[in-house]
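Take a look at the structure below.
The values are calculated or read from the model by the stated rules, or taken from the named source; none is laboratory data. Note that the structure is predicted; figures quoted are calculated from it, not measured. Note that each Cβ is placed from the backbone with ideal geometry, even for glycine, and that neighbours are counted across all protein chains shown.
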Amino acid sequence: MRIPKSAFNWLSATGLILAINCILLMIVLFVISMTVSGSNTYLGIFIYIVLPSILVIGLLLIPLGMLFNMKKAKKMQDTGLKWPVLDMNNPKHRKTVLVVSTFTLIFILISAMGGYQAYHYTESVEFCGKLCHSVMEPEYTTYLNSPHARVRCVECHVGEGASWYVKSKLSGLYQVYSVLFHKYPTPIATPIKNLRPARETCEKCHWPQKFYEKKLRNQRGFLSDSTNSHWNIALLMKIGPSYSAYGLREGIHWHINPDVAIEYVAPADDRETIPWVKMTNKKTGEVHIFQDQDNLISQNQLDSLEKRNMDCMDCHNRPSHSYKSPNVYMNNALLSGIVPEELPFIKKASLRVLGTVYSTVDSAKLEIRNGILSYYERKYPDILKTKADLIEKAITGIQGEYLKNTFPAMKASSVSYLNHIGHLESDGCFRCHSGRHTSEDGRSISKDCNLCHSIIAQGSSTDFTSVSVMDTLEFRHPIDIGTVWKESNCTECHRSM
């Protein structure tokens, strides 16, 4: 088959060169991706997105150049025909149609396969977490250290169905623009607007009928004294009912009972303050409205604020991206042996250096090292001399835990992303269970901690008390502060550093 004269032009030649080079590059990069161990985000982007896009442009330039050439020829010699003549009785025309059809079919098949691969690649964890590395590093790192590390990002952020897939891609275009032109805030604002309801995502795995009865939770903390003393507490968490046959009639997860609707308003985007709560019993039609008597809002304010239906995310607001506070991750590091427990005063020394806000990762690592060394040099020079190897291990461990939970470039930490589970470092449960939320008929949302858990054991290794699982202990603060813990919220002292 002879090449048509109309194909001999610079535009078609440019398109042909682009197409051939893209095909060759795609083959080479694909072979590299199959032979090199590990994954490379940018390699995938070039194979499945960038090069195919350039290939399509190149292929479009070929007929476009031919069309311009034909129009130019037509002006020079007008035959009176508006369209090219296709005569299937002509052997040359038949060959041309056969060749073009074959190449078109092959291109469609390759495009379909490439499109399928591109679709799956853009849905991958690698694409979500590594493409915009500097911006997504905090979320990606905390995700890898979360209980949901085996759950793909899209399963929670997009879910099933074409409509939410399209919405996510349209939203992604703005996110790409924000990254390219540095329009994103630091830290990234939460909660995310227009997030898909948890009932359509979380409950695909965690459906309400699947919750179990009570669960035992053992915790060990370390005090800031010379021996890093242990403080143990065992909580019987009432995540479900006393007996599984009761279903969701009692327990923490009563809040998402399908027979109950809980609505609330929060004046601020962080939802740290909840002054108004409405509870509706769908079976009986009974309605109760509770208002925080220390933070009353007017009817005009109430009408102007969004009434949100309570779901999983109102308590589990950091299910996969939890930023632990220095106190929490140091307890974990000491318990696991990442930081040597036998090094005197290491808990106290570490919290001192971790209480500072650092501007960069490098400065944080340097100041953590200098701070720990300086602490022992000033106060305990003998320990610095005799336990130098333990101090080095501790410094490395502290730096590593810091890098998993604090990200200076994005200003992301436990301070900027409070976790609403519990009530130690954020008001969490106490946002509603304050004892101040009362209704007109005298009802109140109780602040009794035993609604959610019972303490069945607590204390140090030398002063440990316990009871049976059918009984409960009154909370005992590790440091004697009298009854202050009863009169104020934990956050007044324990708010994340």
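Apart from one condition, D362 fits all of (1) modelled with pLDDT of 95 or more; (2) surrounded by 15 or more Cβ atoms within 10 Å (Cβ to Cβ); (3) out of contact with any strand residue (DSSP E or B) (no Cβ under 6 Å at 6 or more places or on another chain); the exception is (2). Among the numbered conditions (1) part of a helix (DSSP H, G or I); (2) at pLDDT below 65, the only one that V28 does not meet is (2). Report the residue count in region 437-494 for those that are of a type in the set (D, E, K, R), more than 33 Å from the chain's Cα centre (by Cα) and at pLDDT 90 or above. Of the residues in that region, 7 qualify. Being touching a Pro at 6+ places or on another chain (Cβ under 9 Å) and touching a residue at least 12 places away in the same chain (Cβ under 8 Å): is that true of S350 here? Judged against the criteria, S350 is a match. Taking region 343-386 as the range and being assigned to a loop (DSSP other than H, G, I, E, B) and over 22 Å from A412 (Cβ atoms) as the test, the residues that pass are L343, P344, F345, Y380. Which members of region 192-247 meet the condition of being farther than 30 Å from S336 by Cβ and polar (S, T, N, Q)? Hits for region 192-247 are N194, T201, Q209, S242, S244. Checked against (1) within 25 Å of V50 (Cα to Cα); (2) surrounded by 11 or more Cβ atoms within 10 Å (Cβ to Cβ); (3) of a type in the set (A, V, I, L, M), A198 meets all criteria but (1). Of all residues in region 451-466, those being free of Cβ contacts under 8 Å to residues at least 24 places away in the same chain and either under 10 Å from L236 (Cβ atoms) or part of a strand (DSSP E or B) (or both) number 1. Condition first: of a type in the set (A, V, I, L, M) and either more than 18 Å from T273 (Cα to Cα) or in a helix (DSSP H, G or I) (or both). Now tell me which residues in region 402-439 satisfy that. Those that are of a type in the set (A, V, I, L, M) and either more than 18 Å from T273 (Cα to Cα) or in a helix (DSSP H, G or I) (or both): L403, A409, M410, A412. Selection of region 223-282 for residues being basic (K, R), over 19 Å from E213 (Cβ atoms) and touching a Pro at 6+ places or on another chain (Cβ under 9 Å) yields R271, K282. Being under 26 Å from V339 (Cα atoms) and touching a Leu at 6+ places or on another chain (Cβ under 7 Å) is a property that holds for K387.
Considering region 233-268, the residues that are aromatic (F, W, Y) and surrounded by 14 or more Cβ atoms within 10 Å (Cβ to Cβ) include one that is farthest from L473 (Cα to Cα), namely Y264.
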